[in-house]
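First the structure, in the form of structure tokens, and then the observations on it.
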Amino acid sequence: MASVLGTSTAILASRSLVSPSLKPAFPSISINPGQGYGRKLYGGIGIQGRKGRPQFHIAVTNVATEINSVEQAQKLAAKESQRPVFPFAAIVGQDEMKLSLVDLLPEIRVVFGDPYNSDPEDPESMGIEVREKVVNGEELTITMTKINMVDLPLGATEDRVCGTIDIEKALTEGVKAFEPGLLAKANRGILYVDEVNLLDDHLVDVLLDSAASGWNTVEREGISISHPARFILIGSGNPEEGELRPQLLDRFGMHAQVGTVRDAELRVKIVEERARFDKNPKEFRDSYNAEQEKLQQQIASARSSLSSVQIDQDLKVKISKVCAELNVDGLRGDIVTNRAAKALAALKGRDKVIAEDIATVIPNCLRHRLRKDPLESIDSGLLVIEKFYEVFG
């Protein structure tokens with residue numbers, strides 16, 4: 001849920017989801033197959049900073065009407081040729097994991113042909129070239145595109161992630177020839193890392209730098225190029241194979257655990273649904289179109305009303321009291337819990353947060369922030385719930 005409503009908080013609350021009009025945070029997800037719970041999903045709060053970036057008024061004219069029909073035809077053709085994806089609405093169980101609605105993310109407005117998915121109305125999400133066009137009074141061609149979900153392979157090089165500068169062309173022709181990397185493609189979208197706990201340290205450093213500033217800077221031989229890199233970070237992994245670095249773990253807004261379904265009837269349903277999907281993926285997806293569209297409309301409505309959702313001061317104080325009594329370091333836990341609760345309230349069609357919203361999201365927001373006791377056998381999520389009921393009564 002967080003993921004769809006906002007960029008900043010783990011999947012549902014940070015920027016209020018991946019909306020260009022919402023504030024960012026970084027979501028990430030981590031999954032761990034194993035005993036008890038299977039995999040872990042971390043929703044990170046990713047991109048924080050708006051510091052030091054110039055603000056100015058922008059006049060944008062939409063001149064993309066002529067290309068819309070062509071783009072729609074191309075998108076439809078591309079969609080038909082893609083590998084079928086199991087529909088989100090068909091997932092059985094895993095309610096905690098389903099707080100991230102990746103399959104249902106909406107379309108966003110971008111500058112046509114821009115490699116950074118620049119937002120035509122937000123200078124913080126614009127590439128340098130687009131900013132220069134705005135300053136010079138040039139018209140921007142606007143189009144709608146699906147929010148990107150970019151995979152970051154474990155074996156990716158730093159150049160592939162950050163982008164590369166063509167030094168030879170820069171020296172011979174005097175131009176900055178830049179080949180954008182995965183961070184550029186993920187701007188205003190989602191960056192997904194499978195087995196994030198096994199990611200090389202130098203790539204973790206790159207993600208931390210981008211998350212702190214919202215910008216990626218590439219420097220080679222005295223040449224420097226920067227571009228916006230504000231994304232939702234989603235990571236999955238098995239903790240038994242290695243822990244996340246504390247610096248990165250703290251950046252994740254939310255953490256979800258994906259476990260094996262124990263109910264026999266649900267297990268049978270999962271097997272049957274999978275068999276149906278394998279037999280005829282298109283027919284299976286079509287059978288869930290109505291549910292998918294209903295969820296998409298619910299998310300769109302929540303995104304539009306999120307800014308008006310209120311949370312009482314009393315509830316804010318209790319959230320912070322839970323964090324303090326659990327010895328949660330820093331204030332990210334407080335911030336993410338507030339954002340996630342507001343996003344959940346918006347998704348449920350309410351304009352005010354209630355205690356039930358907080359009870360739903362607070363384990364995901366705090367369990368990975370607790371100091372680990374090697375002798376403790378109780379799941380950290382249960383500790384959070386116990387403290388919640390102690391404070392909220």
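The values are calculated or read from the model by the stated rules, or taken from the named source; none is laboratory data. Since this is a predicted model, take the numbers as computed values, not measurements. Please note: Cβ atoms are built from the backbone with ideal geometry, for glycine as well, and neighbour counts cover all protein chains shown. The accessibility values were calculated without ligands, DNA or RNA, using every heavy atom of the protein model including side chains. Shrake-Rupley method; radii C 1.70, N 1.55, O 1.52, S 1.80 Å.
Which order do you get for T172, T145, T157, T337 if you rank them by accessible area with a 1.4 Å probe, largest at the top?
Working: T172 100, T145 35, T157 80, T337 0 Å².
So, going from the largest accessible area down, we get T172, T157, T145, T337.
Residues with beta-carbon under 12 Å from that of E272, excluding E272: net charge, scoring Lys, Arg +1 and Asp, Glu -1? Walk me through the numbers on the way to the answer.
Values: positive: R267, K269, R274, R276, K279; negative: E265, E273, D278.
Residues close to E272 contribute a combined charge of +2.
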Counted charge near P153, where neighbours are those whose Cβ lies closer than 14 Å (Asp, Glu -1; Lys, Arg +1): -4
Net +/- balance of residues flanking G393 in space, Cβ distance below 15 Å, scoring K and R +1, D and E -1: -3
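Which whole-number percentage describes the relative contact order of segment 88-251, with Cα contacts under 8 Å and a sequence gap of 6 or more?
This gives 21 percent for segment 88-251.
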Amide H within-cut-off set for R188, under 5 Å, with H built and near neighbours excluded: R230, F231
Distance between modelled label sites at D166 and V268, nm, 7 Å Cα→Cβ extension: 6.2 nm
Whole-Hz ³J(HN,Hα) from phi, Karplus 6.51 cos²θ - 1.76 cosθ + 1.60, for segment 356-364, glycine and proline x: 4, 4, 5, 4, 6, 9, 5, x, 5
Dmax and Rg, reported as Rg then Dmax, of segment 88-251 (C-alpha, Å): 17.6, 59
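Kindly flag which residue pairs out of K185/K282; K342/K372; K146/K279; K146/K294; K318/K372 have an alpha-carbon separation exceeding 20 Å in this structure. Don't skip to the answer; put the middle values down first.
Numbers: K185/K282 28 Å; K342/K372 28 Å; K146/K279 28 Å; K146/K294 18 Å; K318/K372 23 Å.
K185/K282; K342/K372; K146/K279; K318/K372, as the Cα separations exceed 20 Å there.
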